[in-house]
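A short write-up of the structure that comes next.
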Amino acid sequence: MSFAKNLLGEPLDTCSCEPMTGFYRTGDCFTGPNDRGVHVVCARMTAEFLAFSVRQGNDLVTPRPEFDFPGLKPGDHWCICVERWVEARDAGVAPKVDLTATHEAALQYASIESFRDHALGPDDYDDEDDGGPL
């Protein structure tokens with residue numbers, strides 16, 4: 001979606017194509033009227049966040065092929081619901097965020113400072129097997 005903007009006001013970058021993410025499974029954290037969960041935060045999964053999500057009733061670990069969902073593991077990048085990210089932040093388990101691949105709509109739920117406090121840094125992309133951008 002070339003017209004979508006990220007948290008920095010620039011064109012939205014792809015979050016992940018391996019696994020293929022996004023509400024529309026385009027690799028981008030683009031949202032639209034059918035996306036009731038507002039899946040706009042591109043986050044790098046951690047074991048702590050995945051466990052937190054399961055406790056909240058959203059199992060992101062178990063594959064669900066009928067929904068084109070592969071199941072996630074630590075290191076994967078995935079478009080998550082912004083409200084779940086805020087809950088995780090408040091609980092101290094928020095995953096790091098890719099500012100360039102997180103949709104600007106997330107700013108309706110949390111400040112840019114909050115996202116910057118949890119931003120991925122250059123060293124977070126060193127591991128070739130982390131599921132992050134190439």
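Brief remarks on what is shown
- Hydrodynamic estimate: the Kirkwood radius of segment 46-87 over Cα pairs, inserted into Stokes-Einstein at 37 °C and 0.692 mPa s, corresponds to D of 307 µm²/s.
- By the beta carbon rule, with partners counted only under 4.7 Å, the chain holds these lone Cys residues: Cys17, Cys81.
- Distance between the pseudo-spin-label points of Leu107 and Glu66 (7 Å out from Cα toward the beta carbon): 4.0 nm.
- Pair Asp123, Val86: separation of 7 Å Cα→Cβ label points (nm): 3.1 nm
- Taken about its Cα centre, the chain carries a charge dipole of about 520 debye when Lys and Arg each add +1 at the Cβ and Asp and Glu each add -1 at the Cβ.
- Overall dimensions of the chain as given by Cα atoms, namely Rg and Dmax in Å: 13.3, 37
FYI, it's all coordinate maths here, none of it is from the lab. These numbers come from a predicted model, not from an experiment. Every residue, glycine among them, receives a Cβ derived from its backbone with ideal geometry; neighbour counts consider all protein chains shown.
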